[in-house]
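Notes to accompany the following structure.
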Amino acid sequence: MSGEKVAIITGSTSGIGLSCAEVMAENGINIALHGLMSDDEGNKLAAEMAEKYGIKTLFDGANLADPASIKAFMARVHKEMGRIDILVNNAGIQHTESLHDFPDDKWDAIIAINLSSVFHTTKYAVPVMRKQGSGRIVNIASVHGLVGSANKSAYVAAKHGVVGLTKVTALENAEHGITANAICPGWVDTPLLQKQIQAHADANGLPYDEAKRSIVTTKQPVPEMADPRMIGEFIMYLSSDHASAISGAALPIDGGWTAQ
Ligand code: NAD
């Protein structure tokens with residue numbers, strides 16, 4: 001893929017998004033980095049990546065809970081970088097609590113950040129990609145876009161929504177050279193999950209490593225978490241010219257979780 005391509009990766013200051021940015025940078029793709037980080041830190045990260053890989057970068061700290069900020073972010077990338085070839089909707093948050101106790105504000109935030117933001121970025125990107133005659137949209141859903149787990153009502157609802165939205169995006173744009181796919185990871189070793197493991201360790205008086213193994217093997221036959229880099233490599237493949245026949249799919253990387 002040529003260095004003229006531009007990728008927008010939401011939530012690329014951490015975890016899966018950051019690994020994805022590194023893989024794409026290694027492939028010479030210009031990158032709009034994004035996430036909740038100060039402008040100073042974000043601009044530093046963007047400058048380091050630009051220098052290391054000889055690509056163009058920018059950083060934006062748009063709050064994905066706010067549609068106006070999302071629109072401004074997308075317009076800024078388009079104006080400053082000239083194209084939008086790849087959109088990776090990756091940012092996400094989690095809150096675990098039983099449905100009957102689930103705080104309303106957490107529900108609203110998870111639906112806004114994990115689901116509605118995907119609608120808003122995609123709505124902006126699709127006309128640009130159609131004009132260019134090609135595009136790749138990769139939405140980071142979750143196994144929780146395919147199956148449920150107790151205490152994750154908002155997250156499961158949002159991720160099932162992302163899988164559905166991905167299918168519609170794929171169907172509407174199939175004749176415009178645009179593919180849309182959802183990736184459905186199981187456990188991935190990132191700050192988002194590390195918080196859940198620590199909470200499990202604290203609640204059950206377990207050492208962190210024991211809590212980690214217990215959380216992973218409760219759901220996954222493969223007793224190891226995926227490394228974020230594994231997800232980044234797969235996003236890169238789906239974003240490449242080789243993947244033009246894959247569209248509208250929800251693809252698990254889940255250590256066998258959903259095979260059961
Ligand atoms: P992470 O916590 O490491 O990173 C999340 C990113 O989202 C950060 O860059 C953060 O700044 C950004 N973000 C959060 N709220 C935001 C907001 N309001 N506005 C803008 N940016 C915001 O998480 P991760 O584990 O790398 O998760 C990335 C994606 O993968 C999420 O959608 C998550 O649901 C999904 N996922 C993760 C796992 C896992 O085990 N870690 C499994 C399945 C799916």
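Just so you know, all these numbers are worked out from the coordinates, no wet-lab data involved. Small disclaimer: the values here were computed from a predicted structure and weren't measured. Methodologically, a virtual Cβ is constructed for each residue, glycine included, from the backbone with ideal geometry; neighbour enumeration extends over all protein chains shown.
Summary table
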| item | result |
| --- | --- |
| Footprinting exposure proxy for Arg83, Arg136 (fewest neighbouring C-beta atoms within 10 Å first) | Arg83, Arg136 |
| The chain, relative contact order in percent, only Cα pairs under 8 angstrom and at least six apart counted | 20 percent |
| Mean projection area, nm², convex hull over Cα of segment 181-260 | 5.8 nm² |
| Degrees separating the helix 117-132 axis from the principal Cα axis of the chain, which is the longest one | 30 degrees |
| Cα centroid separation - segment 200-221 against segment 104-173, whole Å | 29 Å |
| Set of lysines with alpha-carbon distance to Lys52 below 17 Å, sequence-local pairs under 8 removed | Lys44 |
| The chain, dipole about Cα centre (Lys/Arg Cβ +1, Asp/Glu Cβ -1), debye to the nearest 20 | 700 debye |
| Stokes-Einstein diffusion coefficient of the chain, Kirkwood radius over Cα pairs, 37 °C, 0.692 mPa s, in µm²/s | 177 µm²/s |
| Backbone N under 20 Å from the His176 label point (7 Å along Cα→Cβ), restricted to segment 220-260 | 239-241, 243-249 |
| Peptides ranked, highest mean first, by Cβ atoms within 10 Å: ranges 177-185, 240-248, 192-200 | 177-185, 192-200, 240-248 |
| Calculated FRET value between Gln194 and Lys52, using beta carbons and R₀ = 41 Å, to 0.05 | 0.95 |
| Backbone HN-Hα couplings from phi across segment 215-232 [Karplus 6.51/-1.76/1.60, Hz, Gly and Pro as x] | 5, 5, 6, 4, 10, 10, x, 6, x, 10, 6, 6, 7, x, 4, 4, 6, x |
| Rg and Dmax [Cα atoms of segment 65-212; Å; Rg one decimal, Dmax integer] | 17.3, 56 |
| Sorted by Cβ density within 10 Å, fewest first, the residues His120, His78, His34 | His78, His120, His34 |
| The chain: angle of helix 153-173 to the longest principal axis, Cα-based, in degrees nearest 10 | 30 degrees |
| 0 to 90° range, to nearest 10: angle between helix 191-204 axis and the chain longest Cα axis | 10 degrees |
